[in-house]
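No value in this document is a laboratory result; all are computed from the given coordinates. Because the structure is predicted, anything quoted here is derived from the model rather than measured. A quick note on method: Cβ atoms are made from the backbone with ideal geometry, for glycine too, and the neighbour counts reach across all protein chains shown.
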Amino acid sequence: MTEEYWATSPFSIARYYGGIKVDGVDYVIVNKEGKDIYECSIEAEKAGREKAIEPGEPADLIDRRYIPMYKKLGRDKFIEWVKGGLDLKAMKERIKNENKK
């Protein structure tokens, strides 16, 4: 979920905890590179920044199981595939088939 969606939904509580668990699914905030909010917080602290993800930068709420795919595909392609109705299994299959070509 992009921040534009989750920030104005019942998922918005994630902003206070870095994530949320709903119906057994663990969602976590990630930056545009797919680094979770906890990784971003450590990097920000080391760099002396106040914010883990700077305002205006993407802060997506992702099912933790999808983070490796988010990183592999990149944010834009990942969102495109999700909007296209692909679940994690279908994404893996599509990549497998594309690599065979």
Checklist entry - Contour minus end-to-end for residue 42 and residue 4, with contour as 0.36 nm per residue of separation and end-to-end as the Cα-Cα distance? => result 11.2 nm
Next on the checklist: Applying a 10 Å radius around every beta-carbon, put 44-54, 20-30 in order of their mean neighbour count, most first.
Outcome noted: 20-30, 44-54
Checklist entry - Only one of the listed values, (1) 15, 49, 29, 7, 0; (2) 15, 45, 29, 10, 1; (3) 16, 38, 24, 14, 7, 1, was derived from the coordinates as P(r) over Cα pairs in 10 Å bins from 0, in percent; which label is it? => result (2)
